[in-house]
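A.B. asks: Take a look at this one; I'll ask things after.
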Amino acid sequence: MTTSKLVYYINPRDQQPVSSLSKLIGARIPHDVSPTVLCIGSDRLTGDCLGPITGSKLKNILGEKISVLGTLENPVHALNLKTTIDTISQITSDPYIIAVDACLGTHIGSVTLSEGSVVPGAGVNRALSAVGNLAITGIVGSCHGNTLTNLSTVRLREVITLSEIISSALAESLLKHIALN
C-alpha cells in the first residue's frame, strides 16, 4: 500500500497567505538544523523563473544568515542541478533542503507545501533528480495541453505574486528559526 503525501494549498487571495505559509513552514523545519533553500528554475522561461526570482528576493532579505542557492544571477536548473546537490552534500553531511520550484497543475495561482521532495522538470516530461526535505511550489500554469507552451505564456505578474508570497513566508519562518537556535 502506498500513502500519498499531504499537500497544503495556499490561495494568494486568502486573507493572510504569507502568515499561513510561514506557519506551515516553521512547524516542519526541525529545530536542530540549518536549512538550505534551493530555488530551482531557469531565468529564460517566464513560467520557470519562479525559483530564481524567489531566491534573489530571499537572498536580499536574509543575506548570509541562511544558505540560498538559485537566484537570477546564478540559477539552479536542469544543467547544474546534480552538481549543486552534490556540492550541498559535500558541505553538509545530512542537509535539510527546502526546495522551491514552479509547477503546472489544476489549482493555478496557488502555492503548495509538502513534506518530501520535489521532482524538477516533471511537468515538461523531463524528470530530474528528486530533491528536498520540504517542497514549496507555485502553480504557474495548466498541466493540460502543450506544457512548454503553458510555461512560456505565463504572465510575469503571476510569477512575481507567487514569488512574493513564498519569499516573504520563507524569510519570516527562517528568521524565527534562526532566533530560536
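A.B. asks: Using the Karplus equation 6.51 cos²θ - 1.76 cosθ + 1.60 (θ = phi - 60°), what ³J(HN,Hα) coupling, rounded to whole Hz, does each residue of region 160-172 give in order, writing x for Gly and Pro?
C.D. replies: Coupling constants for region 160-172: 5, 4, 4, 4, 4, 5, 5, 5, 5, 5, 4, 4, 4 Hz.
A.B. asks: Gln16 versus Ile160, label points 7 Å from Cα toward the beta carbon: distance in nm?
C.D. replies: Rounded to a tenth, the inter-label distance reads 2.7 nm.
A.B. asks: Which trypsin sites (Lys or Arg not before Pro) from region 10-41 combine a DSSP loop assignment with at most 13 other Cβ atoms within 10 Å?
C.D. replies: Working: sites: Arg13, Lys23, Arg28; in loops: Arg13, Arg28.
Qualifying residues, ordered by number: Arg13.
A.B. asks: In whole Hz, with x marking every Gly and Pro, tabulate ³J(HN,Hα) for region 130-146 from phi via Karplus 6.51 cos²θ - 1.76 cosθ + 1.60, θ = phi - 60°.
C.D. replies: With the stated coefficients, region 130-146 comes to 5, 8, x, 9, 9, 10, 10, 10, x, 7, 9, x, 6, 8, 9, x, 6 Hz.
A.B. asks: Still on this structure, please answer the following. What is the dipole size for the chain, taken about its Cα centre, with +1 at each Lys and Arg Cβ and -1 at each Asp and Glu Cβ, in debye to the nearest 20?
C.D. replies: Taking the Cα centre of the chain as origin, the dipole is about 260 debye.
A.B. asks: I'd like the Karplus ³J(HN,Hα) series for region 92-101: coefficients 6.51, -1.76, 1.60, θ = phi - 60°, whole numbers in Hz, and an x wherever there's a Gly or Pro.
C.D. replies: Per-residue couplings from phi come out as 10, 5, 9, x, 10, 10, 9, 9, 10, 8 Hz.
A.B. asks: Could you give the dipole magnitude of region 1-74 about its Cα centre, charging the beta-carbon of Lys and Arg +1 and that of Asp and Glu -1, in debye to the nearest 20?
C.D. replies: 200 debye
A.B. asks: Identify, among Gly47, Val37, Pro12, the residue whose Cα sits farthest towards the positive end of the charge dipole of region 10-153, taking +1 on the Cβ of Lys and Arg and -1 on the Cβ of Asp and Glu, with the dipole about the Cα centre.
C.D. replies: Value: Pro12.
A.B. asks: Just going by the charge dipole of the chain, with Lys and Arg at +1 and Asp and Glu at -1 on Cβ, which of Ile178, Ser89, His77 is farthest out on the positive end?
C.D. replies: Towards the positive end, the residue furthest out is His77.
A.B. asks: Something else about it: Tell me what the chain gives for mean residue ellipticity at 222 nm when only DSSP H runs of n ≥ 4 count, each as -39,500 (n - 2.57), the sum divided by the residue total, rounded to 500 deg cm²/dmol.
C.D. replies: -11500 deg cm²/dmol
A.B. asks: To check you understand DSSP bridge types, tell me what percent of the beta bridges within the chain (both residues inside) are antiparallel, rounded to 5.
C.D. replies: Values: 10 of 26 bridges.
Bridges in the chain are about 40 percent antiparallel.
A.B. asks: Determine the shape class of region 1-96: with a ≥ b ≥ c the square roots of the Cα gyration tensor eigenvalues, call it rounded for a/c under 1.5, and otherwise prolate if a/b is greater than b/c, oblate otherwise.
C.D. replies: Rounded shape, in that the Cα axes give a/c under 1.5.
A.B. asks: When only Cα pairs under 8 Å and 6 or more residues apart are kept, what is the percent relative contact order across region 1-73?
C.D. replies: That works out to 25 percent.
Bear in mind these aren't lab numbers, they're just calculated from the coordinates by the rules spelled out. Values in this document were obtained by computation on a predicted structure and should not be read as measured data. Positions of Cβ are backbone-derived with ideal geometry, glycine not excepted, and every protein chain shown enters the neighbour counts.
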